[in-house]
2 protein chains.
Amino acid sequence: MSDEQELGITESKEHNPGDWYAEVVQKAELADYAPMGGFIVTRPRGYALWEAIQDNLDTWFKRTGVDNAYFPLFIPESYLEREKDIVEGFDPEVAWVTHGGHDELEERLAVRPTSESIIAPYMSQWVRSHRDLPLRVNQWNSVVRWEATETKPFFRTKEFLWQEGHTAHATDESAWAETTLRLDQYQRLYEDVLGMPVLRGRKPDHDKFPGADTTTTVEALMPDGKSVQGGTSHHLGQSFADAFDITFSDEDENDRTAFTTSWGLSWRAIGALVMSHSDDQGLVLPPTVAPKQVVIVPIWQEDTREDVLQYCSEVAAELEAQGVRVHLDDRDERNPGFKFNEWELKGVPVRFEIGPNEVEDEEVTVVHRPDGESSLEDRADITAAVHDHMDEVYDKLYEANAQRLDENVREASSREEILGTIGQHGGYVKAPWCGDVDCEAEIKEQIHAEIVLVPLAEDSAARAASEFEDEHLPEPDHEGEDCAVCGETAEQTAFFAKSY
Amino acid sequence: MSDEQELGITESKEHNPGDWYAEVVQKAELADYAPMGGFIVTRPRGYALWEAIQDNLDTWFKRTGVDNAYFPLFIPESYLEREKDIVEGFDPEVAWVTHGGHDELEERLAVRPTSESIIAPYMSQWVRSHRDLPLRVNQWNSVVRWEATETKPFFRTKEFLWQEGHTAHATDESAWAETTLRLDQYQRLYEDVLGMPVLRGRKPDHDKFPGADTTTTVEALMPDGKSVQGGTSHHLGQSFADAFDITFSDEDENDRTAFTTSWGLSWRAIGALVMSHSDDQGLVLPPTVAPKQVVIVPIWQEDTREDVLQYCSEVAAELEAQGVRVHLDDRDERNPGFKFNEWELKGVPVRFEIGPNEVEDEEVTVVHRPDGESSLEDRADITAAVHDHMDEVYDKLYEANAQRLDENVREASSREEILGTIGQHGGYVKAPWCGDVDCEAEIKEQIHAEIVLVPLAEDSAARAASEFEDEHLPEPDHEGEDCAVCGETAEQTAFFAKSY
Ligand SMILES: [Zn+2]
Ligand SMILES: [Zn+2]
């Protein structure tokens, strides 16, 4: 096997998506496997993607009243048990700290699987009056869930990075507005930053976050036809506030119980990003989050070397001064073809090729990573042009994903049709549903598909009122039709899909 | 006790600094105690200080070639043992995860106390050629050290937030340049951002980081006369590279062993910041890091309310548009005196008082938090004026600390003088020292003072060559004099102090 083949991607995205994904993640230097199963090492190129996600969300959160905080890594067992008492079905698989130094602890400490049970008691202390509401805190941290599955970087790991937001409100309406505001921000992240349209809705009741009134979700369709839960925002109603005594005195000095929410988005967004856009040449990234947006590859012979490199340096300096994240690959020991392959593998969205012809004609050859489209631009206009090219690359990625999503939402009105359509095409199948978990169970048993979302009533209303077709708001429900599985009266529309 | 007294600080900084500090941290809403001893909950006002520190350091790190990454929270016991084999005296008190879910783990996992032992093996994989060097990664995370001491928020906690940088280099010189570059950045953080001059130097050999060639440190003097280790940067030489096989092929294709460094700064910087500047009215912060830099307190009667509030809103909007972090406290239910006290307690550096007189005269009364100094400024010039006032507040804080430091570095030439001077004044005592740990032990036993630093040779040279007296570079050493403790020939100057 030649050196270049070893460096390149050897697996096929279409025929072997699992191995292909693992290979892209490792060869593009996003992550390595840790010595313990279920853990990964996030390398600088991978972590930079997380930083880009953080920068965007954190700015939006802060503009909308959220402060960051930091709660302990550990939660005493008795605190988790308290949550278990409130929330039926809450039995987290967690990592337990039993010893500190050489001594056994009196009480075991759970490594946080999520922080509701340690945050809620403090919210209870901090909230006294209606003037303290809404109270909004967020933390960027890592959580650990001891689920034994095969490791898939960013998708399935025992430890993962995420943010968890926790809020308390005086009214149900305020808590619901918070829930949907954060869902909107997650949707915006996917659509405006990550180049991926998503479907939005709520989870069926049997799949809500334990203790939640409503769990809302954004779902992204992967090229292999499976859905990824891209972020969830929970309206917790009063269950946590009741249990942890989060009460306040209202304007008339009456004691009232607050309403709470929580919402989280994890590094799974990186996994969805990588899987959605990348190809058999390696990583593909939108310029919005790419650590380097432009790579300049000089092409020279000995007699043109100095002129070409000088020209390239000036172009690089100009772009950098304009805030473009640019890298000039001036390595002597590699030829241009090697460099093209390497930066394609590593996902730089735009490539400049500059040789003696470009220097002489005062031009730049600009190549788009996703499709190799090549064009000549005047050197004099290069800064303006590069922004246009980056926008074009973003649009190409978004459009490809939007088209895939549009083509992969299908209707079904019977059990056989659900099974057959998902079996043949993957993607989402919309069907009228009675609301009974048993009607999902049948589908789940046979093809491991489940109901990944149900449209939000207000989104359905908005869509019905809208003239725009491509809003990716799930369509009005099938209320009153017959459940596709059992034939009873349908209460809503279910979106079935296989899921990560 | 009246409402206002309960809200305010009741302990004295001078007479009861420990309780005073704890009270300021809680009442200024920086942190609360967690249910488990040794852990704290960092509230938004406290976390914002950490974010300000992060923003500054992270920008400087990235400009100087550092990328962020993320390594696992857990380290297998066998990996830690490997470090134990290399490094004499390495026996970390750590939290041990023994169970995942309902099952006992085959190998115990340590919650990271620091990450050398998990990062070094990956550096070994990533470094192949001299072209891969220097390799620099940093992570912002939390670490856990199971040391049983009384909890002191930000100073002594079992879990703390920090950054840990890890680098590999082709040469000893490059590694040493890295070590001092990071020390410079830590010094800059304290002096240019946190308003605190620091002393810089290296730890005596017996107090180095286990395995390090040299541990460098910046030390900040607290008002109670104790020194705080504000950040450390370690030149690790080849000990870790030898043990973890971090080798590279040089330009002649010869295999060589790399040199490594590590460097860290923790949230102890927040503790030092709070303790240095604050007073019996509460928190004092420099405007550089204060979450709110200016608070506007309107002062009105019923007939002037509308005019005063309108004027205040316009001032607030103007400052905000200019990037000043400003809060208009327009609460109806609180009087101005209450608001003054509250914002003094919470450490807003500059207060605007605006009543009917200010409105009529088109002026603003500006009050400095640290000393209550009050002045009138023209409304028309307020944006320029507020920047001057923030600079003045910063300078006042820095100067007060610089003066304290200058007054509290004393000379001693005998054991009795060391003991007596520290006993009476606290602060630093410089004395000629033979280099023997036993000579520190005697001082340590009697008054719990230790050698917190020894001047760096290059800093001594720089100071000798410098015309500036206030550079806070420790002075030239006492080489050739007699050790103040044992009378043997002195090799260096030791700075003795009590230490946090
Ligand atoms: Zn049914
Ligand atoms: Zn001695």
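Quick notes
- Cα-based helix-to-principal-axis angle, A:77-86 vs chain A, degrees rounded to 10: 70 degrees
- Spin-label pair A:ASP388/A:ASP55, simplified geometry with 7 Å Cα→Cβ offset, distance in nm: 2.5 nm
- Here is how far apart the B:THR257 label points are across copies: 6.5 nm, shortest first, using a point 7 Å from Cα toward Cβ.
- Magnitude of the charge dipole, chain B, Cβ model with Lys/Arg +1 and Asp/Glu -1, debye to 20: 1240 debye
- The residues packed around A:GLU442, meaning those with a beta-carbon under 12 Å from its beta-carbon, carry a net charge of -4 if Lys and Arg are +1 and Asp and Glu are -1.
- On Cα atoms only, tilt of B:305-321 relative to the major axis of chain B in degrees: 30 degrees
- Straight-line reach from B:LYS346: taking Cα to Cα under 28 Å and skipping same-chain neighbours fewer than 8 places apart, the lysines in range are A:LYS62, B:LYS13, B:LYS27, B:LYS152, B:LYS158, B:LYS226, B:LYS292, B:LYS396.
- Just so you know, the averaged projected area of the alpha carbon convex hull for the protein assembly as shown sits at 46.5 nm².
- The value obtained for the range A:176-240, namely the Cα convex hull volume divided by the number of residues, is 77 Å³ per residue.
- Net charge of neighbours whose Cβ lies under 14 Å from the Cβ of B:ASP371, counting Lys and Arg as +1 and Asp and Glu as -1: -4
- Charge dipole (Cα centre; +1 on Lys/Arg Cβ, -1 on Asp/Glu Cβ; no other charges) of the range B:294-405 amounts to roughly 760 debye.
- Chain A - mean residue ellipticity at 222 nm from DSSP helices (-39,500 (n - 2.57) per run, n ≥ 4, rounded to 500): -11000 deg cm²/dmol
- Two-decimal Rg/Rh across the range A:1-156, once Rg and the Kirkwood Rh are taken from alpha-carbon atoms: 1.07
- Share of alpha-carbon pairs per 5 Å distance bin for the range A:294-405, given as whole %: 2, 12, 23, 24, 20, 11, 5, 3, 1, 0, 0
- Centroid-to-centroid, using Cα positions, the range B:166-190 and the range B:63-139 are 21 Å apart.
- According to the calculation over all Cα-Cα pairs in the range B:12-277, the P(r) per 10 Å bin from zero is 7, 28, 35, 22, 8, 1, 0 %.
- Here is how far apart the B:ASP332 label points are across copies: 7.7 nm, shortest first, using a point 7 Å from Cα toward Cβ.
- Working from label points 7 Å from Cα in the Cα-to-Cβ sense, the A:GLU306 to B:HIS15 distance is 8.0 nm.
- 14 Å tail of the calculated P(r), the range B:306-348, as % of Cα pairs: 57 percent
- When chain A is described by a simple charge dipole with +1 on each Lys and Arg Cβ and -1 on each Asp and Glu Cβ, the residue from A:TRP176, A:GLY225, A:VAL350 located farthest towards its positive end is A:TRP176.
- Cα gyration tensor category, rounded, prolate or oblate, for the range B:110-207 with a/c compared to 1.5: oblate
- Chain B: angle of helix B:268-277 to the longest principal axis, Cα-based, in degrees nearest 10: 40 degrees
- Semi-axes of the equivalent ellipsoid for the range B:212-272, Cα gyration tensor, largest first, Å: 36, 9, 8
- 3J(HN,Hα) couplings calculated from phi for the range B:109-115 with the Karplus curve 6.51 cos²θ - 1.76 cosθ + 1.60 (θ = phi - 60°) are, in sequence order, 10, 8, 6, 3, x, 4, 10 Hz; Gly and Pro show x.
- Averaged over peptide A:140-150, the number of partner chain Cβ atoms lying within 10 Å of each residue's Cβ comes to 3.
- Spin-label pair A:ASP378-B:SER414: with each label point 7 Å from Cα along the Cα-Cβ axis, the two points sit 8.6 nm from one another.
- Sorted from closest to farthest, the other copies place their B:ASP224 label points 5.8 nm away, with each point set 7 Å from Cα along Cα→Cβ.
- Note on A:GLN424/A:ARG325: beta-carbon distance plugged into 1/(1 + (r/R0)^6) with R0 of 45 Å gives a FRET efficiency of 0.60.
- Our coupling estimate for the range B:54-64, obtained by passing each phi through the Karplus curve with A = 6.51, B = -1.76, C = 1.60 and θ = phi - 60°, is 4, 4, 5, 4, 4, 4, 5, 4, 5, 5, 10 Hz, Gly and Pro reported as x.
- For the range B:294-405, share of DSSP beta bridges that run antiparallel, in % to the nearest 5: 55 percent
None of the figures in this text is laboratory data; all of them are computed from the coordinates on show. Note that this is a predicted model, so its numbers are computed, not measured. Backbone-built Cβ (ideal geometry, glycine too); neighbour counts: all protein chains shown.
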